[in-house]
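In what follows, a structure is listed as structure tokens, so that the remarks can point back to it.
The values are calculated or read from the model by the stated rules, or taken from the named source; none is laboratory data. Bear in mind the structure is a predicted one, so any value in this text is a computation, not a measurement. Positions of Cβ are generated from backbone atoms using ideal geometry, with glycine treated the same way; all protein chains shown enter the neighbour counts. The protein model used for the area step is the full one, side chains on, heavy atoms only, and it has no ligands, DNA or RNA in it. Shrake-Rupley method; radii C 1.70, N 1.55, O 1.52, S 1.80 Å.
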Amino acid sequence: MQNRIQEIKSFIAHEDYSLAVRRMLDICLDVDNSELLQQAIAWSKTYHQHQKKNNETAVGVDFHNDANKLLSALAVYGNSNTSVPKTLIKVNAISKTYNKGNFSLKPISTAIQTTNVIGIVGENGNGKTTFLRCLAGQLSIDSGNINYALLSNPDYYTIKHSIAFIPQRIPKWYGLLKDNLHFSASLSGITGSQNELMVDYMLERLNLSDYAHLNWNQISSGYRTRFEIARILLQKPSLLILDEPLANLDINAQQTILTDLRYIAKSAYHPMGIILSSQQLHEVEKVADTVLFIKQGNCLFKTGEETNVAKTFAIEIETTATREELIKVLGENEVQIQFNGGNYTVTSANLSANDIISKLVANNISLSYFRDITNSTKRYF
Amino acid sequence: MNWNRPLAPNFLKKFDHNLLLKNPETWSARTHWVWYYGSLFCLLLAGICFVYPNDARSNSGVIYWIFFVSIISILALVFWLIYLLRFNVFKRFGNITGLNRLKVFGLYFASVAMIVFFTYIPAIVETIRANAKYKDEEIVKDINNFNKLVTQLEYDSVDHQWRMDTFIVREEEYGMSDKDKQIIELTEANRKGGFSISRIDSSQFNENIKKGDTIIRLGKAEYEMYSCPNYIKLAVLNADDYTKLKLLDKIGIYRTVVKDFKRPDPKKAREEIDALMQKYYYKEKDRYSRYEYDTYSNSQDTTYEFRVKKRYQIDIVESSLRNIVERKYRFCGNDVEWQFRVLFYISLCFSLLVFAFRHSTTKTFFLSLLTAVILSILTGLLIAFSNGSEKASMTWLITYTLIFFGVSFTAFTSKTRSIFTGICVNLFVLNIPFLPITIVGLYNKIIWDKYYELERMSNYVKHPLYDKYTLPLVYGEMFGIVLLLILLPTLIHKFYRKWFALPQE
């Protein structure tokens, strides 16, 4: 707890107020104290109102005072609320072939624990959504099995009750957005004042309060994704499956959502497993504990498997230099260079990413972008 | 005014919000709003119907009102469905129990019933207005007075001769026994002049006793029946169905007026009857309804009966009284039972459709309806080509329901969600309330046919099975509802829960 409090203090000290507010809300939920959570929500609202009015990061003295009060109240809590990971589902060589069409998902095995974030990456039409829908119980599987470890003899209703699936194309909501959130919460057994509190919490946590009184047609597709996540989280699923959740989000929102998902997965209040598919490889790799790369229905890569340990170093760069200049600097026998029209991919058995960058900088090669992709699924694209 | 929910009081808004937080299934059915706005609309409609000029003596225009209000009801149903379809508690995999499902069905039923009830308002208002203006006993008293006054005033013109019939009660139902022949011969020998003798059986005899004004027994099995002249000029059926004071029949008029006739003061009698005529005289506005009025004006008929009718405007008065009686007793006795059935079955059928729609996919629901239509057509053709009877159609209906029931169980064993199973579950749900009444109907039909067959074979002797014929259909109706209410939270709940959650192929 002390570490988390220090983390928030650090965020406030460095004026990362948005992050501080979100973390404060998370901690107040984790300690399971309604009064503190209400105060944190009020504090968050104050911040958002202030942000809306001034459109700048400076906040008033009251904000700091309230933050200190909340942090003092949280200081009395120990570390008892940290969650212990439990296995949610074990996927054993599941495969799927559609009756119509010639696509087949080849056998894939994996396991998902609470607090885990698993990223599924791959090109379009290669089986990511099929795999996710099989996990969510939406599609039947042809072979293999899925063991839902936390459920004893579950039927599909129970499975779907505890596993939430957010499709890429989210079905339209009808009525007020806030009513939808209340409805989902109460349908999951969160009733009365607790319902109000949790909906307020979720709106503040995902910074959606300003849009809660609107309806579906009045918000952008990015906000629709966020509202859908809020709705699903209110149902407290054990496993959250998101199909391309970043597709409709801007670059900042992508980062925010991914960070939030990571925190939510590790929440002490309700730890859960999260599986998401995306084309945003680097963003997903940053937050995912495990990444699965699926190509033409086959799982080609899974982080953590010994067979997948990279044997060569790889770096992706964007530069104005030509291929010949790069080879001259790095040595013809040391590297292989591929160009995809925008970026160069430099692979080497001997030179690490740091060595390559050092050589390029030392030879005045201008770089506008570089990324070490040695352990990234990007290598397989 | 809040245009989202105009005229909504704060307490109802709070209630609505509380339902949202605590009872999502109740909240999503929107029954509280349907009943609130429905009640407001009923009050408004009732107010309009009260203000609208509507003479109780006129032909009722309630059918036009019903047509007009039916359109509003349909619009209200559509409006309710738009709100209802926004939130579906059954497809979110939330904490829904069997009793929740039953409750939601009840709420759908209550909502539809309220909307259908709109169409009853104009008729109810008409009835209230007619009852307020004309008391039950007043109508009967006026009719009796009218008939008595006409009889008094027309005393000299009426033929007071009683009609006589002679008949013997035969011993055998069919044919004529030697004993019957002897009686006829004896009777003819004892009577003067030629007259016909009717031979009747004991049941006809009992009927004649009821109809005959006086019956004299001549011998062991021979009777003379006397019929009183018809003194009833103004006859209004059912006017005394719900009153202590009864309408005088022709014998009643005979006894009170003719038997000990005292000539009335003609001026006073004429004034009294004029007052009654004025009270019930109503000239219809449209030409079609003014038939009686126009007939009096234009007809060349010079018979006594017509002249009496014209003199006392009997057809017009009778028509007015009939209109009043129709309005007053529209919701009494068998009529109210029939009216309730219309309301009940429309609400039930619509609720079942909405319930099935909310539980299945759109494709499955509409395919279920299509299947029902196709099965009906095919079965109809099959029955027609095989010279089948209503017994065959009832047997098919029962068979289909049992098949749907059997196939519905595959929801428990299937590994994928099959449209076929969904269709069977839907059709089972739609059929189940009507299964018991169909079985009762079929049983009755079988017994009835058997009775006829046995009766024919045993030379028309009444068979004991006859008494078992009428196993009341109402038991079947009631049991159908009970069966639905039992199966909804149990088996049907499980069928839908299992089937909808299954993965797709």
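Roughly what % antiparallel, to the nearest 5, for the DSSP beta bridges in the protein assembly as shown?
65
Calculate one ³J(HN,Hα) per residue across the range B:129-137 by plugging θ = phi - 60° into the Karplus curve 6.51 cos²θ - 1.76 cosθ + 1.60, and present them in order as whole Hz with x for glycine and proline.
Along the range B:129-137, the couplings run 5, 5, 5, 5, 7, 10, 6, 4, 5 Hz.
Run a plain Debye calculation on chain A (Cα atoms as equal point scatterers, no solvent) and give log10 I(q)/I(0) at q = 0.06, 0.09 Å⁻¹, rounded to two decimals, same order as the q list.
Each listed q corresponds, in turn, to -0.28, -0.63.
Leaving out ligands, DNA and RNA, what percent of the accessible area of the range A:310-380 is carbon and sulfur, probe 1.4 Å?
Roughly 45 percent of what the probe reaches on the range A:310-380 is carbon or sulfur.
Per-residue Cβ counts within 10 Å, from other chains only, averaged over A:182-192: what number is that?
So the per-residue partner count for this stretch is 6.
Place a point 7 Å from Cα of A:Leu300 in the direction of its Cβ. Which residues in the range A:92-117 have their backbone N less than 15 Å from it?
Answer for the range A:92-117: A:106.
Give me the three principal axis extents of the range A:280-381 from the C-alpha atoms, as integers in angstrom, largest value leading.
40, 24, 24
Provide the FRET efficiency to the nearest 0.05 for the B:Arg341-A:Asp155 pair, computing r from the beta carbons and using R0 = 35 Å.
Here the calculated transfer efficiency is 0.30.
Could you give the distance between the Cα centres of the range B:375-419 and the range B:82-139, to the whole Å?
Going from one Cα centre to the other spans 31 Å.
Accessible area drop of at least 10 Å² (1.4 Å probe, protein heavy atoms): which residues of the range B:9-24 qualify, relative to the chain alone?
Hits at the 10 Å² cut-off: B:His17, B:Leu20, B:Leu21, B:Lys22, B:Pro24.
Take peptide A:149-160, look around each residue's Cβ out to 10 angstrom, count Cβ atoms belonging to other protein chains, and average those counts.
3
Which peptide among A:205-218, B:492-505 comes first, and what is the full order, when sorted by highest mean count of other Cβ atoms within 10 Å?
B:492-505, A:205-218
How shielded is A:129-140 by partner chains, expressed as the average number of their Cβ atoms within 10 Å of its Cβ atoms?
Partner-chain Cβ atoms within 10 Å, mean over residues of A:129-140: 2.
Amide H neighbours of A:Thr374 under 5 Å, at least 5 residues apart or on other chains, H built in the peptide plane: list them.
A:Ala314
Given bins 5 angstrom wide, list per bin the percent of all Cα-Cα distances in the range B:52-134, short to long.
With a bin width of 5 Å, the distribution comes to 3, 12, 17, 16, 13, 11, 9, 7, 6, 4, 2, 1.
Using θ = phi - 60° and the Karplus form 6.51 cos²θ - 1.76 cosθ + 1.60, what ³J(HN,Hα) does each residue of the range B:121-126 get, whole Hz, x for Gly and Pro?
These are the phi-based 3J(HN,Hα) values: 4, x, 5, 5, 5, 4 Hz.
Length gain on complete extension for the stretch B:Thr362 to B:Ser157, per 0.36 nm per residue less the alpha carbon to alpha carbon distance?
Stretched out fully, the B:Thr362 to B:Ser157 stretch lengthens by 66.2 nm.
Order these peptides, B:397-407, A:115-125, by their mean beta-carbon neighbour count within 10 angstrom, highest first.
A:115-125, B:397-407
Looking at the range A:39-196 from every direction and averaging, what is the projected area of its Cα convex hull in nm²?
Its Cα hull, projected and averaged over all orientations, spans 14.8 nm².
What is the magnitude of the charge dipole of the protein assembly as shown about its Cα centre, with +1 placed on the Cβ of each Lys and Arg, -1 on the Cβ of each Asp and Glu, and no other charges, expressed in debye to the nearest 20?
560
With +1 on each Lys and Arg Cβ and -1 on each Asp and Glu Cβ, how big is the dipole of the range A:310-380 about its Cα centre, in debye rounded to the nearest 20?
So the dipole magnitude of the range A:310-380 works out to roughly 200 debye.
At 18 Å minimum axial length over the Cα atoms and a Kyte-Doolittle cut of -0.5, report the qualifying DSSP H helices in chain A, or say none.
Going by DSSP H runs, the hits are A:17-30, A:61-75, A:221-234, A:251-265.
Ordered by packing density, taken as the mean number of other Cβ atoms within 10 Å over each peptide's residues, highest first, how do B:416-422, A:232-238 rank?
The peptides rank, most packed first, as A:232-238, B:416-422.
Separation between the B:Ser389 and B:Leu485 pseudo-spin-labels, each 7 Å from Cα along Cα→Cβ, expressed in nm?
Between B:Ser389 and B:Leu485, the simple spin-label model gives 3.5 nm.
Where the only charges are on Cβ atoms (+1 Lys, Arg; -1 Asp, Glu), what is the dipole of chain A about its Cα centre, to the nearest 20 debye?
900
Along the range B:109-115, what does the Karplus equation 6.51 cos²θ - 1.76 cosθ + 1.60 (θ = phi - 60°) give for ³J(HN,Hα), rounded to whole Hz, x for Gly and Pro?
For the range B:109-115, the Karplus-derived couplings read 4, 4, 5, 5, 4, 4, 5 Hz, x marking Gly and Pro.
Could you tell me the distance between the Cα centroids of the range B:299-313 and the range A:158-231, to the nearest Å?
Comparing the Cα centres of the range B:299-313 and the range A:158-231, I get a distance of 80 Å.
With runs of 4+ DSSP H residues as the only contributors, calculate the mean residue ellipticity of chain A at 222 nm using -39,500 (n - 2.57) per run, divided by the residue total and rounded to the nearest 500.
-12500 deg cm²/dmol, from helical runs alone.
Using 1/(1 + (r/R0)^6) with R0 = 35 angstrom and r between the beta carbons of B:Asp315 and B:Glu137, what's the FRET efficiency to the nearest 0.05?
FRET efficiency, B:Asp315 to B:Glu137: 0.90.
For the range B:296-428, compute Rh as the Kirkwood radius over C-alpha pairs and then the Stokes-Einstein diffusion coefficient at 10 °C and 1.306 mPa s; write the answer in µm²/s, rounded to an integer.
Answer from the Stokes-Einstein relation: 79 µm²/s.
When only Cα pairs under 8 Å and 6 or more residues apart are kept, what is the percent relative contact order across chain B?
17
Send over a whole-number figure in Å² for the accessible area per residue of the protein assembly as shown, probe 1.4 Å.
Ligands and nucleic acids excluded, the figure is 51 Å² per residue.
Under a point spin-label approximation (7 Å from Cα along Cα-to-Cβ), what is the B:Ile419-B:Met164 distance to one decimal in nm?
Once both label points are built, they end up 8.3 nm from each other.
To make sure I understand the rule: partners must be lysines, Cα under 30 Å from the Cα of B:Lys494, and not fewer than 8 residues away in the same chain. Which ones qualify?
Cα-Cα hits under 30 Å: A:Lys90, A:Lys96, A:Lys160, A:Lys172, A:Lys236, B:Lys22, B:Lys91, B:Lys103, B:Lys363, B:Lys415.
Hey, rough spin-label estimate for A:Lys86 and B:Asn145, points 7 angstrom out along Cα→Cβ, what's it come to in nanometres?
Between A:Lys86 and B:Asn145, the label points sit 8.7 nm apart.
Report the gain in length on full extension from B:Ile446 to B:Cys332: 0.36 nm times residue separation, minus Cα-Cα distance, nm rounded to one decimal.
37.7 nm
Mean-square fluctuation check for chain A, GNM, Cα pairs under 10 Å: which of A:Ala288, A:Ala321, A:Ala40 is largest?
A:Ala321
Work out, step by step, the length gained on full extension between A:Ser193 and A:Ser143: first 0.36 nm times the residue separation, then minus their alpha carbon distance; give nm to one decimal.
In short, 13.4 nm is gained.
Cα-Cα pairs above 15 Å in the range A:333-381: how many percent?
Everything past 15 Å amounts to 48 percent.
Using amide H atoms built in the peptide plane, which far-off residues or other-chain residues are under 5 Å from A:Leu300 H to H?
It is A:Phe293, A:Ile294, A:Lys295, by chain and number.
In terms of modelled amide H atoms, which long-range or inter-chain residues lie less than 5 Å from the amide H of A:Gln113?
A:Leu88
Please work out the FRET efficiency for the pair A:Gln2 and A:Ile251, using the Cβ-Cβ distance as r and a Förster radius of 41 Å; give the result to the nearest 0.05.
Calculated value: 0.75.
Rg (Å, one decimal) plus Dmax (Å, integer) for the alpha carbons of the protein assembly as shown?
Values for the protein assembly as shown (Cα only, Rg and Dmax): 43.1, 152 Å.
For chain A, modelled as a Gaussian network with Cα springs under 10 Å, which listed residue fluctuates most, A:Phe165, A:Phe227, A:Phe183?
Maximum fluctuation in the GNM of chain A, among the listed residues, is at A:Phe183.
State log₁₀ I(q)/I(0) for chain B at q = 0.06, 0.07, 0.08 Å⁻¹ as given by the Debye formula over alpha-carbon point scatterers of equal weight, solvent excluded.
Ignoring solvent entirely, the Cα scatterers give -0.51, -0.67, -0.82.
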